[in-house]
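Okay, here's the structure, questions in a sec.
The values are calculated or read from the model by the stated rules, or taken from the named source; none is laboratory data. None of these values were measured; they are calculated from a predicted model. Methodologically, a virtual Cβ is constructed for each residue, glycine included, from the backbone with ideal geometry; neighbour enumeration extends over all protein chains shown. Each accessible area value is taken on the protein alone, full model and side chains, heavy atoms only, with ligands, DNA and RNA left out. Shrake-Rupley method; radii C 1.70, N 1.55, O 1.52, S 1.80 Å.
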Amino acid sequence: MIKTRQRTLRLFEFEAGGSTQEYIDFITKHLPLLQRHTLGFRDEIEPKLQTFLQEHNLSFANLSDMAHIYVTHQDSLTLSQSSQSHLCNVQVASSSALFINKVVRSGEEIYHNGDIVVQSQVNSGARIIAEGNLLLLSECSGSIESQGDYIICTKILAPTILFQDALLDETFLRKINQSSALFKIIFKKDDDVSIKDLV
């Protein structure tokens, strides 16, 4: 009997025109956020870049030739012992909103397939992944990802945010943290990511 499993692929796409070294530098800088995505390249993947990706156990694809997709062992259906122990730090919840009222500590990873409301601090080294909207009601120093319509936040000290598969840079983070408003909302207007003061 054949066993199957449906999976949702999360793709981070690189437009054509970058050099191999530029790709390596960008991926190295944002490695914690990119590890759970398949990296898609519009350019030909040079051997040096391919070796780098494989050494870091990253899944990748040449989008100009979809016959060539490299998937790491982490995506296989059989979990190794180290993968099983890693899952002890991952909290998985149901599709309704998830409320977190404790400090999210370094090394903790929280995934939820709906909205997440974090009422306390998110420490550096922690990771929050919401398939829905994300509300951060206290200071956040950890990595955050949201596929929802918006992120509401106070102060974000993390180096980057992934919002609807768009990686927000340090300039955007400065705009969040320099605002005197208590709460800010991050949302997409057309194809552009915007920020607006709430209170």
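Given (1) in contact with a strand residue (DSSP E or B) (Cβ under 6 Å, 6 or more places away or on another chain); (2) assigned to a loop (DSSP other than H, G, I, E, B), identify the lone condition not met by Leu162.
Every listed condition holds for Leu162 apart from (2).
When residues of the range 142-162 are filtered for being open to solvent by less than 50 Å² (accessible area, probe 1.4 Å), over 19 Å from Asp197 (Cβ atoms) and not polar (S, T, N, Q), how many remain?
Counting residues in the range 142-162 that are open to solvent by less than 50 Å² (accessible area, probe 1.4 Å), over 19 Å from Asp197 (Cβ atoms) and not polar (S, T, N, Q) gives 6.
Yes/no matrix, rows are residues, columns are (1) among the hydroxyl-bearing types (Ser, Thr, Tyr); (2) at pLDDT 80 or above; (3) within 18 Å of Cys153 (Cα to Cα); (4) crowded, with 17+ Cβ neighbours inside 10 Å:
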| position | (1), (2), (3), (4) |
| --- | --- |
| Asn57 | no, yes, no, no |
| Ala67 | no, no, no, no |
| Val71 | no, no, no, no |
| Leu77 | no, no, no, no |
| Leu87 | no, no, no, no |
| Ser106 | yes, yes, no, no |
| Val122 | no, yes, yes, yes |
| Leu137 | no, yes, yes, yes |
| Cys140 | no, yes, yes, yes |
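Output the residues belonging to the range 165-199 that are of a type outside the set (Lys, Arg), open to solvent by less than 80 Å² (accessible area, probe 1.4 Å) and in a strand (DSSP E or B).
Ala166, Leu167, Leu168, Ile185, Ile186, Phe187, Val193, Ser194, Ile195
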